[in-house]
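Everything on this sheet refers to the single structure shown next.
The numbers here are math on the coordinates, done by the rules we state, and not lab data. Note that this is a predicted model, so its numbers are computed, not measured. Glycine also receives a Cβ, built like all others from the backbone with ideal geometry; neighbour counts cover every protein chain displayed.
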Amino acid sequence: MAVVVVESPAKAKTINKYLGSDYTVLASFGHVRDLPPKDGSVDTDNDFAMKWEVATDSKKHLRAITDALKTDNDLILATDPDREGEAISWHLTEALLKSKAIKKDMPVKRVVFNAITKQAVTEAMKNPREVDMPLVRAYLARRALDYLVGFNLSPVLWRKLPGAKSAGRVQSVCLRLIVEREMEIEAFRAQEYWSVVADLTTPRGATFTARMTSLAGKRLDKFDLPTAESAEMAVQALTSRELFVQSVEAKPASRNPTAPFMTSTLQQEASRKFGMGAKQAMSAAQRLYEAGHITYMRTDGIDMAPEAVQAARAEIESRFGKAYVPSSPRIYKNKAKNAQEAHECIRPTDMSADTEKLRLTDTDQRRLYDLIWKRTIACQMEAARLERTVAEIGSKDGQVGLRANGQVLLFDGFLKVYEEGRDEDGEDDGRLPQLAPGDALKKTRDGMVASFAKAAPVDDVIEDPSATLRRAAGALLSADGAVLGQQHFTQPPPRYTEATMVKRMEELGIGRPSTYASIVTTIQDRGYVIKDKNRLIPEDKGRLVTIFLVNYFGKYLEYDFTADLESQLDDISAGERDYKDVLHRFWRDFSAAIAETSELRITDVLEKIDEVLSPHLYPPREDGSDPKTCPTCGIGRLNLKTARSGGAFIGCNNYPECRYTRPLSGDEGDAELSGDGKLLGHDDGDPIYLRNGRFGPYVQRGAVTEDNKKPPRASLPKTWPTETLDLERALSLLSLPRPIGTHPEDGEPIEAAIGRFGPYVRHNKTYANLPDVDEVFTIGMNHAVELLAAKAARGGRGAAAAPLKELGEHPDGGPVQVMPGRYGPYVKWAKVNATLPKEIEPEAVTLEQALELIAAKAATKGKKAAAKKPAAKAAAKPAAKPAAKTATKTAKKPAAKKATKAAPKKPAAKKPAKDPATDTATNPASGPES
């Protein structure tokens, strides 16, 4: 039997169904070798020789492949059809040659298929080829570059910028985008402008809304009404004039469908429509691909195979009729610049299989497949046909002009199936009533009065019976209620979401389909960026790292430089460039830049960052005084300081006489948390302060005195921002624990509080967790008793968590579940708990994967149990000496003997070698991107 090797067991299972008993299909479980996380893995003095190491977990997988090859020397490598897949095939070949599992003269076949279907797999088996070495060399170059940057730049960060974690060739450029966007937002100054709209009625009684476009015969631009006074003049000018229709123009228009998905657009649309992160979307897509439902999901291509196009057209006609099928197929041009990414678009393998037909049970997979199916079908449908109408309206004297826009959908076309999401909300024009040039128009009050009431609360309206206007904050309404002036302010550029981040990276040519998700995830894992309401916000640590790198390694954070390097890697994969030449040129300049920082002191770095960020950190004061003078003592100077945690803050250099501090990204108003803190108010004569301590912000009743050395304090929950904290909420924190009442069974008190591990309710020694901090202050007796009863029924001190996912029944009986754990998610069956690998998302884990993890864990537990038996017997003896003898006698048994011999070899616990690319004991620099 031929031995076929793929990456994952799920893919192996699907392929095995198609190939039958003549083949043995095994999984490599991803990369089998990588560069060890230590210096010298890429030898720059020896023509960039790379020292590979087989991962511990991969040894058993290689052993299984080796054992299979003992009975058959026909090896077929069927890894993914991209640069990474080609690299895995090459690594497998090299590792098997080194272990002598295969001979040098043994032919190794490489097959690729873009979809895991019977037809695609069978066809691929008929057309094997050799491993594509240009693709492998492009992988080697990328891996070497990532290593050289990670293991040389990261130590510089550790030494020169305390608290920094790591730097990466592409991750640092991505971080720069986010930091620069945040600085744009902070530097943004809103500009006021006004617009004027009117509700009008046609001679036939139909109403519509028009926007003012000209005043005093001059066209109005966006900022031509900058104040309420100018808007008032415009409202009055419009109110005092009769209006008529000057012209009506109706034009036909069409709207074509969007191209089918490639990796980046799939991630963007999944984020827009479902709020999925890039990693989550790719995990679901991976499962769909391995199950044979969609084509390969890492691609820059948007073209579609001719047979798929015909299948889509046939399905459209079957479902919607001939009117929805265009006269000729729609052709989408491939955007890929090289063979590595020149795959098909992401599409269903069976056009007739919609979500209902597949009956997918996993929520993410079901939603993502529905998205892919609809987009693919829509991309081959007829265009939507519309009619767009523009009506120009004015006064007879030409002093005022208005415009009304309308749009009518005449034929829905592809919109019957799918409409692409938008990153920013827009306004859709509705249908206009029948209008004709010369029609006299009357002003009507109903619509604008409603809009005014919405814009201006009733108690905010300034009533003046003699005035011709009604005024409110942000709005003006004419006396007849028909003309509305509205205040607007320009908005800062929006923060990036994962979707818009991927889109921007694609526009700049940074990263590749296989790396988008990992790059965005990495900068979050490093603590450089946080995600809040799906928006990416840089932490202070991320700001400092970016400013440091831009100033001392600016060339390597340039977008053009990074994109050019990606282009060179593409040239390597196309066989048009020598990868060693690329590495030599890069290392020559990069090593020189590293050497130039050797004499830098931490104070030099902080002074430089302080200088660069000065306009942002010390904005001009209203009184014109020096913004760097300490506002507390008036003597010291403000400058940038780093905290032990790795964060940064602004502090007075007159420390310890002056303890003024404020956050890096805050203004001087935030400084009230330093020193004596911010006074929130008084309660029973006691001052209530908000302060910042070693472990974060907290509230305090009273001041520290000789008689009151430990005044009452309470930490702020992480979800409570300091800027919104008021006296009432501070007192609620200081009043904890909050009595809820007495338990109906024993009369003992029930109370709610916030502990080390979050909010909870307590009765005697039973604690039940609460899902939200605010529930501490609102939970009632009935709900508290229910939670405590459920906790008591489960037993134990900690509440049993609900499963994250039910996977199904174990072959030996009993449910298999994915559970949340203190140290991460794990798979549970009976008494076996198996930790979930970091690369597997809890939502994406399958029953097959879970069973493998459980089996491996159970085998480990069995070995440990066997080793413990002799010790257990020995422990039953009354004295130490006889126990030792018993242990020695028992050790003569083979199993016990093995355990006894193994024990002395167990090494003392050592601190793991730190990986400069990640600041951890593992090697996150491995894989497609670090």
Length added when fully stretched, ILE635-LYS126, from 0.36 nm per residue minus Cα-Cα: 175.0 nm
Starting from the 7 Å offset along Cα-to-Cβ, what nm value, one decimal, do you get for the label separation of ALA314 and GLN407? 3.6
How much length would be gained if the chain were fully extended between ASP726 and ARG588, taking 0.36 nm per residue of separation minus their Cα-Cα distance, in nm to one decimal? 43.9 nm
Calculate, for GLU507 and LYS709, the FRET efficiency according to 1/(1 + (r/R0)^6) with r their C-beta to C-beta distance and R0 51 Å; round to the nearest 0.05. 0.30
Using a Cα-Cα cut-off of under 12 Å, which aspartates and glutamates could be cross-linked to LYS251, ignoring same-chain neighbours fewer than 8 residues away? GLU387
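Determine, for each peptide in 570-581, 96-107, 474-485, the mean count of other beta carbons within 10 angstrom over its residues, then list the peptides with the highest first.
Most protected by this proxy first, the peptides run 474-485, 570-581, 96-107.
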GLU657 paired with LYS273, simple spin-label distance in nm, labels 7 Å along Cα-to-beta-carbon: 6.6
Given pairs LYS13/LYS838; LYS59/LYS100; LYS805/LYS831; LYS59/LYS805 and cut-off 20 Å on Cα-Cα distance, the over-length ones are LYS13/LYS838; LYS59/LYS805
For a protection proxy built on the mean count of beta-carbon atoms within 10 angstrom, sort 33-45, 2-14 highest first, please. 2-14, 33-45
Give me the distance in nm between label points sitting 7 Å out from Cα along the Cα-to-Cβ direction at GLU420 and ARG535, one decimal. 2.4
By how many nm would the segment from GLU839 to LYS103 lengthen if fully extended, with 0.36 nm per residue of separation less the alpha-carbon distance? 261.6 nm
In the range 121-205, what trypsin sites (Lys or Arg not before Pro) fall in a loop by DSSP, with at most 10 other Cβ atoms inside 10 Å? ARG189, ARG204
Which order do peptides 507-513, 385-391 fall in by mean Cβ count within 10 Å, highest first? 507-513, 385-391
Rg from C-alpha atoms of the range 267-353, normalised by the globular rule of thumb 2.2 N^0.38 Å, equals 1.21
For an R0 of 41 angstrom, estimate the FRET efficiency from the Cβ-Cβ distance between GLU558 and ARG621 and round to the nearest 0.05. 0.70
With θ set to phi - 60° and the Karplus curve 6.51 cos²θ - 1.76 cosθ + 1.60, what are the ³J(HN,Hα) couplings of the range 607-623 in order, to the nearest whole Hz, using x for Gly and Pro? 5, 5, 5, 4, 5, 5, 8, 3, x, 7, 7, 10, x, x, 8, 4, 7
